[in-house]
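Bear in mind these aren't lab numbers, they're just calculated from the coordinates by the rules spelled out. Quantities reported herein were computed from a predicted structural model and do not represent experimental measurements. Cβ sites come from the backbone with ideal geometry, for glycine too, and all protein chains shown count toward neighbours.
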Ligand code: AHR
């Protein structure tokens with residue numbers, strides 16, 4: 001039946017209303033303008049990087065894949081991590097021996113003596129909160145052993161699951177009466193995150209043992225004695241611009257005696273001097289009495305890791321000052337020579353020819369080619385005139401010999417206040433290369449400071465945002481969470497870093513790694529247990545920015561103003577000259593959907609759609625976890641482009657990365 005007049009009128013009014021409201025809506029969309037022809041600066045290759053520190057079992061018990069804890073018996077309690085085993089009425093004992101005069105770096109070993117031929121006697125290692133073992137995988141066991149004359153003792157090495165059952169073994173009989181390395185492969189039948197390693201002695205006599213070690217064969221790049229591949233893969237996926245190592249406060253030590261000394265971390269692994277980890281006793285609420293540094297992951301391995309993942313190496317050295325939150329000991333400036341020599345020798349280790357002393361060691365360790373070191377940090381989170389006094393001596397010596405090495409300087413632990421102002425003013429007057437700013441602050445601080453660098457001096461030192469992370473409760477609170485609210489606020493702030501990439505040349509979230517059962521500090525970028533690992537929402541924010549770094553900064557504005565919090569929106573834009581794309585990062589920190597039209601000025605997109613990666617969560621306290629490792633992760637979609645305009649609807653609480661082909 002055809003519509004009558006009344007119905008026609010009604011339909012017409014309805015149509016008018018719909019088109020009116022549609023028109024109104026599109027008129028009311030805020031308009032953001034992107035100007036790809038107005039390049040504001042270059043984005044350094046180093047822009048988004050990694051901060052590594054051996055905190056939270058990041059190295060031993062973490063990325064360093066060694067499964068035996070206290071393998072050389074050098075912990076303060078020499079048998080920590082080990083206990084004796086007996087079966088079938090065996091007799092025997094373990095003696096801790098010390099050969100200080102003949103082996104100063106690794107003086108201790110154990111002597112296992114079987115006093116009867118009955119049964120078996122043994123020792124068992126508990127690993128780092130257990131040992132994570134995978135079924136049908138191979139594990140390489142090794143030991144330095146020496147057998148006393150007249151001894152006839154067979155050794156059986158067993159991997160044991162959490163129920164006490166063997167899941168793989170290897171047997172051998174040491175015969176040499178001088179130190180010899182024995183190795184063997186154990187193939188496993190079960191997966192269990194909480195295994196242990198039993199070493200049984202059968203026979204009569206005594207065996208000396210040191211460096212009892214077990215590594216998975218499938219390490220990163222299958223390097224023997226290497227790193228956990230799942231954890232390194234997470235780092236490689238970030239496509240980081242630099243790798244800062246080895247920290248952090250660990251560089252400083254609680255006292256000077258336990259500062260990080262790179263020379264004790266290179267060369268043969270059994271000659272790397274084990275010391276206590278400063279995080280062992282740092283927090284009374286998170287004591288970790290079994291936390292030591294074996295330095296199996298040492299400076300050579302850090303340089304190699306940086307190279308593997310395409311990152312510039314950025315080592316930080318002690319500048320003659322212990323942690324100012326602890327003993328605050330300083331070396332008299334007249335006695336800084338050994339510290340400075342360490343710095344000069346490190347540059348030779350990284351870059352020197354193989355005919356130099358330290359270049360030769362690098363070659364002997366397997367890397368004749370230089371590592372091409374360009375930057376060096378002097379001191380970690382130091383403050384006060386005592387830092388400047390020491391820094392002056394360091395920089396004079398380093399710049400005299402290596403004028404092209406850029407130095408990274410501390411401006412203290414806070415991004416504002418007296419300590420910061422003093423160092424910031426002084427180091428700027430001294431024309432420092434890089435200022436290393438740290439901010440462990442609330443999510444609100446991050447969103448409120450998205451314009452922090454907009455007015456920084458363009459001709460002064462470059463900025464290294466060396467350590468930052470939003471704290472859901474407060475700094476060093478054990479209740480801090482890696483939740484979506486924190487990650488979102490970091491993303492908002494990072495648009496400000498990117499907009500100012502001409503002055504901010506490097507940035508890294510901190511800390512990096514943490515063992516779910518062995519942490520001292522939270523929040524952290526990547527969490528893991530003995531078998532599995534996951535990236536936090538903060539990790540995916542870092543990944544989105546780094547993987548979409550671009551090459552040049554271009555403006556994105558609303559009414560000619562930078563977009564840094566108006567209506568809870570934060571935005572930055574870059575060109576990627578390699579792929580000929582415009583890349584936008586737009587963050588919506590509001591709890592409602594936000595619409596906008598983005599107009600590309602001066603350049604025509606070459607396609608009729610753009611790709612958008614959206615990172616969002618349903619609630620601000622949402623997190624990833626071992627059971628839901630990718631609950632929050634970026635999802636890609638396509639959006640139509642109409643001429644030079646793209647209309648976006650940003651989901652509540654979302655980070656959006658838009659790539660537009662030109
Ligand atoms: O990232 C944890 C610690 O925070 C670092 O070791 C130190 O530099 C900062 O205080």
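Before moving on, here are some points about what is shown:
- Taking every alpha-carbon pair under 8 Å whose residues sit at least 6 apart, the range 518-662 reaches a relative contact order of 29 percent.
- By the count of other C-beta atoms within 10 Å, a proxy for reagent exposure, 213, 206 are ordered fewest to most as 206, 213.
- Ellipsoid semi-axes in whole angstrom, largest first, where each is sqrt(5λ) of the Cα gyration tensor of the range 206-288: 24, 23, 14
- Per the Cα gyration tensor, the range 155-227 maps to an equivalent ellipsoid with semi-axes of 23, 18, 9 Å, ordered largest to smallest.
- Each peptide among 82-91, 606-615 gets the average number of other Cβ atoms lying within 10 Å of its residues, and from highest to lowest they stand as 606-615, 82-91.
- Which of 218, 337, 479 has the fewest Cβ neighbours within 10 Å, and the rest in rising order: 479, 337, 218
- Translational diffusion coefficient (Stokes-Einstein; Kirkwood radius from C-alpha pairs) of the range 576-662 at 10 °C, 1.306 mPa s, in µm²/s: 113 µm²/s
- Ranked packing of 271-277, 524-530, most packed first, by mean Cβ within 10 Å: 524-530, 271-277
- Between the alpha-carbon centres of the range 400-432 and the range 494-547 there is a gap of 24 Å.
- Here the convex hull built on the C-alpha positions of the range 82-216 has a volume of 101 cubic angstrom per residue.
- The stretch between residue 567 and residue 426, if pulled fully straight at 0.36 nm per residue, gains 47.0 nm over its current Cα-Cα span.
- Ordered by the number of other Cβ atoms lying within 10 Å of each residue's own Cβ, fewest first, 401, 204 fall into the sequence 401, 204.
- Cα long-axis angle, helix 337-351 against the chain (0 to 90 degrees, to the nearest 10): 70 degrees
- Whether the range 516-662 is rounded, prolate or oblate, judged on the alpha carbon gyration tensor where a/c under 1.5 counts as rounded: prolate
- Ranked packing of 500-509, 451-460, 250-259, 552-561, most packed first, by mean Cβ within 10 Å: 500-509, 250-259, 552-561, 451-460
- Once the chain from residue 444 to residue 459 is taken as fully extended at 0.36 nm per residue, the excess over their C-alpha distance is 2.4 nm.
- Cα-based helix-to-principal-axis angle, 484-499 vs the chain, degrees rounded to 10: 70 degrees
- Here the relative contact order of the range 82-216, from alpha carbon pairs under 8 Å that lie six or more residues apart, stands at 34 percent.
- Antiparallel DSSP beta bridges within the range 447-568, percent to nearest 5: 40 percent
- Antiparallel DSSP beta bridges within the chain, as percent of all bridges there, nearest 5: 75 percent
- Seen against the Cα atoms of the chain and their longest principal axis, helix 418-429 is set at about 80 degrees.
- The chain: relative contact order in percent, alpha carbon pairs under 8 Å with at least 6 residues between: 15 percent
- A P(r) calculated from all alpha carbon pairs of the chain, with 20 Å bins opening at zero, reads 17, 45, 27, 8, 2, 0 percent.
- Using a simple spin-label model with pseudo-atoms 7 Å out from Cα toward Cβ, residue 399 and residue 645 lie 5.4 nm apart.
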